[in-house]
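Below is one structure, written out as structure tokens; comments come after it.
Where a number appears in this text, it was derived from the coordinates with a stated rule and is not lab data. Not measured: the values here are computed from a predicted model. Here the Cβ positions follow ideal geometry from the backbone for every residue, glycine too, while neighbour counts run over all protein chains shown.
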Amino acid sequence: MKILTASDAAEVLGGKPLNTFLSELSSRLHLVNDTYAIPPESIAKTHLSMLFAYVLLRRNPEVYIYISDWGMWGNLERLDLIYGYRRSHGEYRTLIEAPVHLFDLSDEAAFVSILSIAFYFIWDAWVFDTEGKALVQISHDEWLEIRTDDEDTRKEFEALLNRFKLRLLHGE
């Protein structure tokens, strides 16, 4: 796992500001089914993190988790959990300084841990690959969206999400 500043990540991704890159990626890729509710149970959030690791890390050489917003739940959030985890990997900067986490296949456990923390505290986060083939958006409003143009990735996500019984939010 490597931890980057937003500007370092933008440089790696072709020089566009990170938010611009993500906005363009979101506009270009197609939504997989619809918007999903984030399950309330911690174990379900962990399983969901494992599902994303399984699908994305096997198909892409590098995958990012960008934690774009946190702090909306005040003292209910335990920032010491993420900072302690990051320190165990040699990272001492704060999330505001370095919010982007870069993973390859050998970093699966770290990917699951960082994404699980984002899910537990319902932080805004973006999960995406370096080639721009897949994008997961997680909202503090307790929903997530998955986007891809890769047919095999779409089918795999649909099958796993159906088996996981993640609830769609359409019509609510």
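Just a few scattered comments:
- Glu11-Trp73 FRET efficiency (beta carbon distance; Förster radius 30 Å; 0.05 resolution): 0.40
- Residues Leu81 and Glu151, FRET efficiency given R0 of 41 Å [Cβ-Cβ distance, rounded to 0.05]: 0.65
- Within straight-line reach of Lys165, meaning a Cα separation under 16 Å, sit the following lysines at least 8 residues removed in sequence or on another chain: Lys45, Lys155.
- His30-Glu97 FRET efficiency (beta carbon distance; Förster radius 35 Å; 0.05 resolution): 0.55
- Antiparallel DSSP beta bridges within the chain, percent to nearest 5: 100
- Put simply, when 40-51, 158-169, 130-141 are sorted by average Cβ atoms within 10 angstrom per residue, most first, you get 130-141, 40-51, 158-169.
- Based on DSSP H segments of at least four residues, each scored -39500 (n - 2.57), the chain has a per-residue ellipticity at 222 nm of -13000 deg cm²/dmol.
- Estimated inter-spin distance, Ser23 and Ile43, nm [label 7 Å along Cα→Cβ]: 4.2
- A straight Cα-to-Cα reach below 16 Å connects Lys133 with the aspartates and glutamates Glu24, Glu62, Asp104, Glu145, Asp149, Asp150, Glu151, Asp152, Glu156, Glu158, residues fewer than 8 places away in its own chain not being considered.
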